[in-house]
Amino acid sequence: MDNLSNNQAVVIGTIESEFVFNHEIYAEKFYTFTVSIPRLSGTSDSIRIMISERLIMDGDYTEGDLVEITGQFRSYNSYDNGENRLLLTVFAKDIAHIDDTTGKNPNSLYLDGFICKTPIYRTTPFGREITDILIAVNRSYNKSDYIPIIAWGRNARFAKNLHVGDNVRIWGRIQSRNYQKRISEDETITKTAYEVSINRMELVRDEE
């Protein structure tokens with residue numbers, strides 16, 4: 001059984017794509033789709049969801065429906081044209097139609113994991129401080145999810161001093177970011193990267 005306590009995601013948004021078959025395991029089919037989640041800025045994030053057929057077989061879910069999904073933010077290795085890519089998706093534990101989002105946070109994530117790469121501190125051209133972090137979050141069956149994290153401002157200053165192996169807890173939101181990848185001299189394609197933007201973080205100290 002999965003340990004939900006160290007990886008908890010709740011997203012509320014509009015279904016914006018069809019359900020596409022992804023894989024089958026032990027006669028249980030899994031599908032992927034995307035949900036559009038609004039930001040306060042007026043833009044939105046397009047988040048990939050993976051879901052069991054058993055959660056949607058009775059729900060009559062279609063594009064345009066407003067839904068609330070609870071689950072875990074997971075990583076999967078994908079081999080695409082000879083490249084090994086890290087795919088990030090919300091693995092749904094539950095889904096439900098909702099009518100009203102008043103008073104609800106549409107995009108929240110809690111992770112308890114371990115720094116697995118030296119943090120990278122930088123500043124933007126506008127002087128904003130950013131630290132890039134990669135954390136490993138333990139899953140059952142000796143698996144781990146590897147989640148890229150972005151810390152801003154005071155959290156960035158705090159995070160740049162963390163070390164590989166440090167245990168951290170973070171509260172934040174899942175965000176999507178489109179970028180251009182050049183595949184030839186005169187051709188580029190648009191890809192989507194997913195990461196977690198931190199609202200709050202803390203270092204877990206060993207209890208003596």
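When you look at Glu195, is it assigned to a strand (DSSP E or B) and touching a Pro at 6+ places or on another chain (Cβ under 7 Å), yes or no?
yes
Does Tyr31 meet the test of being touching a helix residue (DSSP H, G or I) at 6+ places or on another chain (Cβ under 7 Å) and within 24 Å of Pro106 (Cα to Cα)?
yes
Quick check on my filter: what residues within region 86-114 are under 15 Å from the mean Cα position of the chain (by Cα) and charged (D, E, K, R)?
Within region 86-114, Lys93, Asp112 meet the criteria.
Within region 75-84, does at least one residue satisfy the condition of being exposed (fewer than 11 other Cβ atoms within 10 Å of the Cβ), at pLDDT below 90 and of a type in the set (D, E, K, R)?
yes
In region 22-33, which residues are assigned to a loop (DSSP other than H, G, I, E, B) and aromatic (Phe, Trp, Tyr)?
Tyr26
Is at least one residue of region 180-194 at pLDDT 90 or above, surrounded by 12 or more Cβ atoms within 10 Å (Cβ to Cβ) and not hydroxyl-bearing (Ser, Thr, Tyr)?
No, there is no match, as no residue in region 180-194 is at pLDDT 90 or above, surrounded by 12 or more Cβ atoms within 10 Å (Cβ to Cβ) and not hydroxyl-bearing (Ser, Thr, Tyr).
Among the residues in region 161-170, are any surrounded by 11 or more Cβ atoms within 10 Å (Cβ to Cβ) and part of a helix (DSSP H, G or I)?
So far as region 161-170 goes, no, none of its residues is surrounded by 11 or more Cβ atoms within 10 Å (Cβ to Cβ) and part of a helix (DSSP H, G or I).
I need a count of the residues in region 34-63 that are under 22 Å from Asn105 (Cα atoms) and either in contact with a strand residue (DSSP E or B) (Cβ under 9 Å, 6 or more places away or on another chain) or part of a strand (DSSP E or B) (or both).
Qualifying residue count, region 34-63: 16.
Looking only at region 183-192, which residues are free of Cβ contacts under 8 Å to residues at least 24 places away in the same chain and either in a strand (DSSP E or B) or closer than 8 Å to Gly172 by Cβ (or both)?
Ile183, Ser184, Glu187, Thr188, Ile189, Thr190, Lys191 - these are the residues of region 183-192 that are free of Cβ contacts under 8 Å to residues at least 24 places away in the same chain and either in a strand (DSSP E or B) or closer than 8 Å to Gly172 by Cβ (or both).
Would you check which residues across region 161-191 are within 16 Å of Val204 (Cα to Cα) and of a type in the set (Lys, Arg) and list them?
Across region 161-191, the qualifying residue is only Arg169.
Could you say which residue among Lys104, Lys143 is assigned by TED's automatic domain parsing to the domain that holds Thr43 and surrounded by fewer than 16 Cβ atoms within 10 Å (Cβ to Cβ)?
Being assigned by TED's automatic domain parsing to the domain that holds Thr43 and surrounded by fewer than 16 Cβ atoms within 10 Å (Cβ to Cβ) holds for just one of Lys104, Lys143, which is Lys104.
Tell me, yes or no, whether region 56-73 has at least one residue that is over 21 Å from Thr190 (Cβ atoms), free of Cβ contacts under 8 Å to residues at least 12 places away in the same chain and surrounded by fewer than 10 Cβ atoms within 10 Å (Cβ to Cβ).
Taking every residue of region 56-73 in turn, at least one turns out to be over 21 Å from Thr190 (Cβ atoms), free of Cβ contacts under 8 Å to residues at least 12 places away in the same chain and surrounded by fewer than 10 Cβ atoms within 10 Å (Cβ to Cβ).
The values are calculated or read from the model by the stated rules, or taken from the named source; none is laboratory data. Predicted model only: the values in this text are computed from it and were never measured. When we count neighbours, we look across all protein chains shown, and the Cβ atoms used for this are built from the backbone with ideal geometry, even at glycine.
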